[in-house]
Amino acid sequence: MIVAPSLLAADFTHLADDIAMIGRSRAQWVHCDVMDGVFVPNISFGFPVIKAISRITDLPLDVHLMIVQPERYISEVRDCGAMMMNVHYEACTHLHRTIQAIHSAGMKAGVTLNPSTPVAMLQDVIEDVDMVLLMGVNPGFGGQKFIQHTLRKISELKALIEATGSKALIEIDGGINAVTGAAAAAAGADILVAGNAVFSAPDPLAEIETLAAL
Ligand code: DX5
Ligand code: ZN
């Protein structure tokens with residue numbers, strides 16, 4: 001299992017230490033949550049912070065934009081050194097065009113679905129995306145409880161991917177811990193994002209190890 005610790009739950013006064021810990025762990029990606037206070041009712045951190053993070057890690061950056069009109073920031077995200085740019089389905093009027101533009105900028109393109117958005121909405125873009133990020137909580141905050149119907153959506157997404165021959169990976173974000181992560185893995189998830197489960201754990205390295213072994 002690919003594990004992507006979410007820096008939203010890291011200690012911002014010692015970010016370099018937390019990133020060094022991730023570097024020593026079995027985590028393979030670093031998940032960066034950008035919030036604008038409009039698409040979601042919270043504000044997190046932005047491009048200068050992600051750029052600084054890119055200078056101190058070689059791990060791929062998985063950037064999750066919880067912002068309106070994410071297509072306005074494609075070159076900024078690229079300049080941050082992002083490997084994956086995730087945009088929300090609900091925030092993109094011209095999603096197909098935005099996916100093409102992300103690819104033209106040299107990044108992988110991910111599309112994120114809120115808990116209330118059906119997987120079927122992806123039918124006409126599934127062959128164009130590199131990843132689908134299914135939210136296990138309503139976006140905006142860490143530390144929330146996993147919404148169980150996400151498991152059914154993972155199965156539906158897996159079926160859509162197999163039916164179309166898409167190469168899209170399935171990432172789950174929100175409320176992931178060893179228990180919900182195991183259920184997501186069994187349903188077909190490829191990548192688990194974990195914020196509080198990792199950074200609030202007494203031993204974050206061991207927690208990442210547990211998730212990576214799923
Ligand atoms: C929520 C963010 C998540 C968040 C996950 O809006 O997209 O990445 O950091 O936090 P946990 O794992 O604590 O639910
Ligand atoms: Zn996220």
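Since every read-out is calculated from the coordinates, none of them should be taken as a lab result. What you see is a predicted model; the values in this text were computed from it and never measured. Ideal geometry is used to build each Cβ from the backbone, glycine not excepted, and the neighbour counts take in all protein chains shown.
Give region 143-169 a look and list any residue that's among the charged types (D, E, K, R) and either part of a loop (DSSP other than H, G, I, E, B) or touching a Phe, Trp or Tyr at 6+ places or on another chain (Cβ under 7 Å) (or both), or say none. Spell out the reasoning first.
Quick first cut of region 143-169, residues among the charged types (D, E, K, R) only: 145, 152-153, 156, 158, 162, 167.
Once the filter is applied, which keeps residues that are among the charged types (D, E, K, R) and either part of a loop (DSSP other than H, G, I, E, B) or touching a Phe, Trp or Tyr at 6+ places or on another chain (Cβ under 7 Å) (or both), region 143-169 yields LYS145, LYS167.
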Filtered residue count, region 66-79, keeping only those that are hydrophobic (A, V, I, L, M, F, W, C) and away from ligand 1 (no atom under 16 Å from the Cβ): 1
Among residues belonging to region 163-178 that are in contact with a strand residue (DSSP E or B) (Cβ under 7 Å, 6 or more places away or on another chain) and surrounded by 22 or more Cβ atoms within 10 Å (Cβ to Cβ), point out the one that is nearest to ASN138 (Cα to Cα). GLY174
Residue that is farthest from GLU90 (Cα to Cα), among those in region 29-65 that are in a loop (DSSP other than H, G, I, E, B), within 15 Å of ligand 1 (Cβ to nearest atom) and in contact (Cβ under 8 Å) with a residue 40 or more places away in the chain: TRP29
Yes/no for PHE12 being more than 15 Å from PRO139 (Cβ to Cβ) and touching an Asp or Glu at 6+ places or on another chain (Cβ under 6 Å): no
Counting just the residues of region 63-94 that are of a type in the set (A, V, I, L, M) and within 20 Å of ASN138 (Cβ to Cβ), which one comes out nearest to ligand 2 (Cβ to nearest atom)? MET66
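Within region 179-214, count every residue that is assigned to a helix (DSSP H, G or I), surrounded by 16 or more Cβ atoms within 10 Å (Cβ to Cβ) and in contact (Cβ under 8 Å) with a residue 24 or more places away in the chain. Working first, answer last.
Residues of region 179-214 that are assigned to a helix (DSSP H, G or I), as a first pass: 179-187, 196-199, 204-212.
Imposing the further condition that a residue be surrounded by 16 or more Cβ atoms within 10 Å (Cβ to Cβ) reduces the set to 180-185, 187, 196-199, 204, 207-208, 210-212.
Checking the rest, the ones that are also in contact (Cβ under 8 Å) with a residue 24 or more places away in the chain come to 180-185, 187, 196, 198-199, 204, 207-208, 210-212.
Total satisfying the criteria: 16.
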